[in-house]
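Asks: Provided herewith is a single structure, encoded as structure tokens, for subsequent inquiry.
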Amino acid sequence: MVMDEELVLQLKRVLSAVEQILPQPVAAVDWSQTLAAGWRSHSVAGYLEAMPETEATLLDDLLGIDEQKQVVVANTCQFVDGLPANNVLLWGSRGTGKSSLVRALLNSYSERGLRIVQVDKDDLPHLPDIFARIKQQPYRFLVFCDDLSFEGGEKSYKVLKSVLDGAVHAAPKNCLLYVTSNRRHLLPQYDHDNLGNHLKGGELRASDTIEEKSSLSDRFGLWVSFDSFSQQQYLDVVRQCIDRLCVDYQASLSWDQEVEEAAIQWAHDKSKRCGRTAFQFAKRWVGMQLSQQRFKTLD
């Protein structure tokens, strides 16, 4: 049968449109060679994409958060050893090492079978698909969602709550959820949450609103809080960062009042005393000093 030329053109246009909707063929992740992967959404589906490189951060590189490391490392060791372990919510101030700690766990325990799947907030509804792809793998997976927070009524919120509650889409035994957030309860809380009917648009029991906003974080077995450093903690971490950079660059720089004052001013300008601020200052200071030394040598 000879097809009408116009019909052929229409079919070609339809096929072209369908090809744009469908995801491109992607090779399955080889977890024996891949330590981390990310979920990539495409239309109504998605796939796991291997991350060829991961940060080289080690646990010993994370300074000033020894108590937090101890708790999270103990839980992760239980997990990789096939023992009972908890989902973890790491919450607190920005730049205090929450995300870096999770990535450092991978570098420390990958040889014992630990792997990471990173998921964006908008992709949390795909958690059942992710679980289906990894539950038969002979590895232990941390499904990691970084810098998570919600507004009321989001679909992602309900899916995560259901997963943590052990519902139909519960995580398989070889999988834990590690989440970082600046908010302890992952949802914004307002002054009017504690008020009664007149200011809450008909809400008869304000306490029910508070309970609902706390219900998601309550489903994490471990809460690990990260606070801003005191000034002395901050200066101690700055000094350790400078010492480590000096070792890396085979340099010798003294710690004196000038460095201390500069570090304090740096934290003041950044409006934050934390590990990130300390390391940023250390790189700036050591780089400037070594640059000046090289300039003098050339001069």
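Asks: Tally time: how many residues in region 28-52 are in a loop (DSSP other than H, G, I, E, B) and of a type in the set (D, E, K, R)?
Replies: Residues flagged as in a loop (DSSP other than H, G, I, E, B) and of a type in the set (D, E, K, R) within region 28-52 amount to 1.
Asks: Taking the conditions exactly as written (under 24 Å from Leu101 (Cβ atoms) and either modelled with pLDDT of 95 or more or part of a loop (DSSP other than H, G, I, E, B) (or both)), does Ser217 satisfy them or not?
Replies: Against the criterion (under 24 Å from Leu101 (Cβ atoms) and either modelled with pLDDT of 95 or more or part of a loop (DSSP other than H, G, I, E, B) (or both)), Ser217 does not qualify.
Asks: Continuing with the same structure: Evaluate the following for Asn86: is it within 25 Å of Gln280 (Cβ to Cβ), among the polar types (S, T, N, Q) and either surrounded by fewer than 22 Cβ atoms within 10 Å (Cβ to Cβ) or within 13 Å of the chain's Cα centre (by Cα) (or both)?
Replies: Numbers: within 25 Å of Gln280 (Cβ to Cβ): no; among the polar types (S, T, N, Q): yes; either surrounded by fewer than 22 Cβ atoms within 10 Å (Cβ to Cβ) or within 13 Å of the chain's Cα centre (by Cα) (or both): yes.
Here the answer is no, as Asn86 does not meet what is asked.
Asks: Looking only at region 259-299, which residues are charged (D, E, K, R) and closer than 29 Å to Phe226 by Cα?
Replies: Our first condition is that a residue be charged (D, E, K, R); within region 259-299, this holds for 260-261, 269-270, 272-273, 276, 283-284, 294, 296, 299.
Of everything in region 259-299, those that are charged (D, E, K, R) and closer than 29 Å to Phe226 by Cα turn out to be Glu260, Glu261, Asp269, Lys270, Lys272, Arg273, Arg276, Lys283, Arg284.
Asks: Same structure, new question: Looking at region 231-246, can you tell me whether even one residue there is farther than 19 Å from Leu59 by Cβ, free of Cβ contacts under 8 Å to residues at least 12 places away in the same chain and over 25 Å from the mean Cα position of the chain (by Cα)?
Replies: Narrowing region 231-246 to residues farther than 19 Å from Leu59 by Cβ: 231-232, 234-235, 238-239, 242, 246.
Now restrict to residues that are free of Cβ contacts under 8 Å to residues at least 12 places away in the same chain: 232.
Going one step further and asking which of them are over 25 Å from the mean Cα position of the chain (by Cα), we end up with 232.
Yes: region 231-246 contains one or more residues that are farther than 19 Å from Leu59 by Cβ, free of Cβ contacts under 8 Å to residues at least 12 places away in the same chain and over 25 Å from the mean Cα position of the chain (by Cα).
Asks: Can you pull out the residues in region 245-261 that are closer than 24 Å to Arg94 by Cα and surrounded by fewer than 16 Cβ atoms within 10 Å (Cβ to Cβ)?
Replies: Of everything in region 245-261, those that are closer than 24 Å to Arg94 by Cα and surrounded by fewer than 16 Cβ atoms within 10 Å (Cβ to Cβ) turn out to be Glu260, Glu261.
Asks: Okay, next question. Take the conditions at pLDDT below 95, under 18 Å from the mean Cα position of the chain (by Cα) and within 17 Å of Val117 (Cα to Cα) and apply them to Thr76. Does it pass?
Replies: no
Asks: Could you tell me which residue of region 39-60 is modelled with the highest pLDDT, considering only residues that are at negative phi and of a type in the set (Ser, Thr, Tyr)?
Replies: This residue is Tyr47.
Asks: Trp255: in a helix (DSSP H, G or I), farther than 22 Å from Ser99 by Cα and among the hydrophobic types (A, V, I, L, M, F, W, C), yes or no?
Replies: Numbers: in a helix (DSSP H, G or I): no; farther than 22 Å from Ser99 by Cα: yes; among the hydrophobic types (A, V, I, L, M, F, W, C): yes.
So Trp255 does not fit the description; no.
Asks: Also, I was wondering about something else. Against the conditions (1) in a helix (DSSP H, G or I); (2) over 27 Å from the mean Cα position of the chain (by Cα), where does Ala278 fall short? Just the number, please.
Replies: In the conditions (1) in a helix (DSSP H, G or I); (2) over 27 Å from the mean Cα position of the chain (by Cα), Ala278 misses (2) alone.
Asks: Now for a separate question. Taking region 236-259, which residues are touching a helix residue (DSSP H, G or I) at 6+ places or on another chain (Cβ under 6 Å) and closer than 11 Å to Phe281 by Cα?
Replies: Within region 236-259, Val237, Val238, Cys241, Ile242 meet the criteria.
The values are calculated or read from the model by the stated rules, or taken from the named source; none is laboratory data. Being a predicted model, the structure only gives us computed values, none of them experimental. Virtual Cβ from ideal backbone geometry, glycine too; neighbours counted across all protein chains shown.
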